[in-house]
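Following: one structure in structure tokens, then a few remarks.
The values are calculated or read from the model by the stated rules, or taken from the named source; none is laboratory data. Just so you know, these numbers come straight off a predicted model, no measurement behind them. Please note: Cβ atoms are built from the backbone with ideal geometry, for glycine as well, and neighbour counts cover all protein chains shown.
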Amino acid sequence: MRKNFFLIAVLTAALFAVSCGRKGDLIIPGTVLPRPVTGLSVELKSAAVILSFTAPDKNTRDYPIADLAGFLVLRADVPTGGTGCPCAFEKVGYIDLEYPKGAAINGRKVVWADRTAIFGRRYAYRVMPMNRDGFYGQAAQTLPVDFLMPPEKISKLTASAGNMTALLSWSIPAKDEGGRPMNDLAGYDVYRRAMGAKTQTKITPRPVMENKFIDTGLINRKTYCYSVTALRGKEPPLTEGDKSEEVCVTPAKTQAPPPPAGLRAVGGEGMVLLSWEPSFEPDVAGYNIYRRAEGEKAFKKLSRTLVARITYTDRDVTPGVRYTYYVTAVDNAVPPNESAPSKEEEAIPQALQPGQK
């Protein structure tokens, strides 16, 4: 009888020993634990390994979790050429949900930075959720990541404005932050904020491979500010350097519409009738009419406001005098852009018939 009791005790202890939970504790199978974190990912930037993940919302019984206390972060050195574990994981951090020092928590999204990593090493990370009783759920693990010295900061960033666009260009970094030559440059990330916004947002879903970038679809007369970072590495996650100094630009349309075509001038009794072909540019707001009388050196604008139609009657004329005309197209930009002059046309108004005004 005593032998059977002893055997049962040994088997029970062995079963407890392989169960998951906090270190040193034995957990009865079926104990309710937090489910693993999801979406664990790694970024290498600002000389840190940045982990982000989503906290579990249910426990192992599929009920909404109500006793989640925090997360244990473990790190292991991965041998050169290694692709996974077994590795010796050690604790490098704990995220307390009540006092999340060093972590940013937004809803269920958690971001934590490991600033104790050493450049040149290859790491893997594990994150384990913990309940208020101090028991850990199953770990989520990263793929191995190479923690490299970041590239040097981008310099000589310039921005020029276009119509609803901004053209950026910058110098190509050749060294890392430590001043050593770098042969694994992997591209660039571009960040943007509208004037008045406090933070920038990355606008490049994948690295830009050239040291220039055209940002399109912007709003004219609205100011945008940009920064650029350099990336290095042979495979994701890539190591990102510090942001360049910010430059700002205000897109605007500066290209004028083409001049109107088909101008005709016909002299009539006490008037000159002008007509031309409509502009097919969608942002043309109207037309200006210019005239020079015979003997005058310069053209004068006749219309105080833009002419919306494609005809114009000039009645401020002297019969028998030769007049020369041209027309320009004007867009709705601020400030507006005026086209080059159309071809010139001449006309001589006729005298009014007796009894006409």
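The figures follow:
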| read-out | value |
| --- | --- |
| Strands (runs of 3 or more DSSP E) completely within segment 111-228 that count 2 or more residues being more than 30 Å from residue 89 (Cα to Cα) | 158-162, 165-169, 185-194, 212-215 |
| Selection count where residues are outside any loop (DSSP other than H, G, I, E, B), of a type in the set (A, V, I, L, M) and out of contact with any Pro (no Cβ under 9 Å at 6 or more places or on another chain), scope segment 251-289 | 5 |
| Selection count where residues are surrounded by fewer than 18 Cβ atoms within 10 Å (Cβ to Cβ) and either in contact (Cβ under 8 Å) with a residue 12 or more places away in the chain or in contact with a Phe, Trp or Tyr (Cβ under 8 Å, 6 or more places away or on another chain) (or both), scope segment 272-285 | 7 |
| Residue check, residue 231 under 30 Å from residue 78 (Cα atoms), surrounded by 18 or more Cβ atoms within 10 Å (Cβ to Cβ), not aromatic (Phe, Trp, Tyr) and not assigned by TED's automatic domain parsing to the domain that holds residue 333 | yes |
| Residue 205 loosely packed, with under 13 Cβ neighbours inside 10 Å and either of a type in the set (S, T, N, Q) or within 13 Å of the chain's Cα centre (by Cα) (or both) | yes |
| Residue in segment 98-105 that is within 30 Å of the chain's Cα centre (by Cα), crowded, with 19+ Cβ neighbours inside 10 Å and not in a loop (DSSP other than H, G, I, E, B) present | yes |
| Matching residues in segment 250-271 - criterion: being within 16 Å of residue 309 (Cα to Cα) and in contact (Cβ under 8 Å) with a residue 40 or more places away in the chain | 259, 260, 261, 263, 264, 265 |
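A quick yes/no check of all residues on (1) more than 13 Å from residue 274 (Cβ to Cβ); (2) exposed (fewer than 12 other Cβ atoms within 10 Å of the Cβ); (3) β-branched (Val, Ile, Thr); (4) touching a residue at least 24 places away in the same chain (Cβ under 8 Å):
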{"position": "291", "(1), (2), (3), (4)": "no, no, no, yes"}
{"position": "303", "(1), (2), (3), (4)": "no, no, no, no"}
{"position": "315", "(1), (2), (3), (4)": "no, yes, no, yes"}
{"position": "320", "(1), (2), (3), (4)": "yes, yes, no, yes"}
{"position": "328", "(1), (2), (3), (4)": "no, no, yes, yes"}
{"position": "337", "(1), (2), (3), (4)": "yes, no, no, yes"}
